[in-house]
Ligand code: SIN
Ligand code: FE2
């Protein structure tokens, strides 16, 4: 695993500096072998906890399929957004968070000065070529002192980072396969989303990516 380094503020797709306090971006944090190893883990997770497409409170289906690993998993249905300890379709507990993913979370939260991060939930977001994620806050966790850690695999995407109010201005920059992002401190409750995925940029060939083009893992401390 690559050692944490300062965000690449000067690369072609880099956001204009400065990045907001508490927002960590480590470009190329995971090399190709790390990424393929994580995809092996995701393939196993998908076998035990199949991808599904949740509905929102109003009954409309979400754009992306998802699954989870960890003691808790994030889901949505007519009762709203929440964490549950079982897959809603199989009624089985979610598979464990892969050890190497816990190691990534530990490394990059330490880089932000966080000690003792023990994520209990990991959302696996599966993006098809037309996948996207509307602007939202991660707001269903109990204690916002713990960061969110996100790992991107597969195709690049246009990431949107806003402020603490939905109306605040947003900045846009690309996330690539192997990038790690943390939302922490002043940035923990920033609005964020994915405007679009650039399907043609996926350079990884792995069965876990079929039929998806991009997979994002977000680790959280939910309770
Ligand atoms: C999320 O906010 O849950 C996922 C963000 C991403 O896919 O990069
Ligand atoms: Fe999010």
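Throughout, read-outs are computed from the coordinates displayed, never taken from laboratory work. Remember, it's a predicted structure, so these values are computed and weren't measured experimentally.
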Binning at 5 Å from 0, report for segment 64-146 what percent of all alpha-carbon pair distances ends up in each bin.
3, 12, 20, 23, 22, 14, 5, 1
For the chain, what does the relative contact order come out to in percent, with C-alpha contacts under 8 Å and a separation of six or more?
26 percent
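Per DSSP helix of 4 or more residues, -39500 (n - 2.57); summed, then divided by the residues of the chain. What does that give at 222 nm, rounded to the nearest 500?
Value at 222 nm, helices only: -4500 deg cm²/dmol.
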Rounded, prolate or oblate: which one fits segment 24-220, using the alpha carbon gyration tensor with axes a ≥ b ≥ c (rounded when a/c is under 1.5, else prolate when a/b beats b/c, else oblate)?
rounded
For segment 45-107, diffusion coefficient by Stokes-Einstein and Kirkwood Rh (Cα), 10 °C, 1.306 mPa s, µm²/s:
128 µm²/s
Mind checking which of 51, 37, 121 has the largest fluctuation in a GNM of the chain, springs on alpha carbons under 10 Å?
37
How big is the gap, in Å, between the Cα center of segment 37-59 and the Cα center of segment 123-149?
14 Å
